Amino acid sequence: MSDSKNERNVGSGTTGQENIRQAILDFITFEDETSQVWPWAMTAEEILQNEEILQKIAVTVRSDISGKCDTDELYDTISEIVGVNPTLH
């Protein structure tokens, strides 16, 4: 398992798609637990419970074959898909 500032890869023996999905879930949960100001227009719970949004994020974010992705890109992709918190405009 690796988790650094700019990369996330979760699990072993799993496919790249499973890894990217888990990285998305972990990233959203991490932001929910640590952000002073929630960055997105939807709550973490709304995002995590919306399969369509999770799928859009998974197919949009670039990752390598193992499912590693850049957290900055993941943040930007989520922002594009669910929108930015209006208080941050």
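The values are calculated or read from the model by the stated rules, or taken from the named source; none is laboratory data. As the structure is a prediction and not an experimental result, all values here were calculated from the model. Cβ atoms come from the backbone with ideal geometry, glycine included; neighbour counts cover every protein chain shown.
What to note about this one:
- Count - residues of the range 33-54 that are over 11 Å from the mean Cα position of the chain (by Cα) and either polar (S, T, N, Q) or part of a helix (DSSP H, G or I) (or both): 11
- Residue count for the range 71-89, restricted to those that are in a helix (DSSP H, G or I) and touching a residue at least 24 places away in the same chain (Cβ under 8 Å): 11
- Within the range 71-89, the set of residues being more than 12 Å from residue 60 (Cβ to Cβ) and either loosely packed, with under 14 Cβ neighbours inside 10 Å or among the charged types (D, E, K, R) (or both) comprises 72, 83, 84, 86, 87, 88, 89.
- When the range 64-89 is filtered for residues that are in contact with a strand residue (DSSP E or B) (Cβ under 7 Å, 6 or more places away or on another chain) and modelled with pLDDT under 85, the ones remaining, listed by number, are 66, 67, 68, 69.
- Residues within the range 35-70 that are β-branched (Val, Ile, Thr) and surrounded by 15 or more Cβ atoms within 10 Å (Cβ to Cβ), tallied: 4
- Members of the range 49-74 that are under 14 Å from residue 27 (Cα atoms) and among the charged types (D, E, K, R): 68, 70, 72, 73
- Residues satisfying the stated conditions in the range 12-32, i.e. part of a helix (DSSP H, G or I), more than 14 Å from residue 71 (Cβ to Cβ) and of a type outside the set (S, T, N, Q): 16, 18, 21, 32
- Listed conditions (1) in contact (Cβ under 8 Å) with a residue 12 or more places away in the chain; (2) farther than 13 Å from residue 21 by Cα are all met by residue 61, apart from (2).
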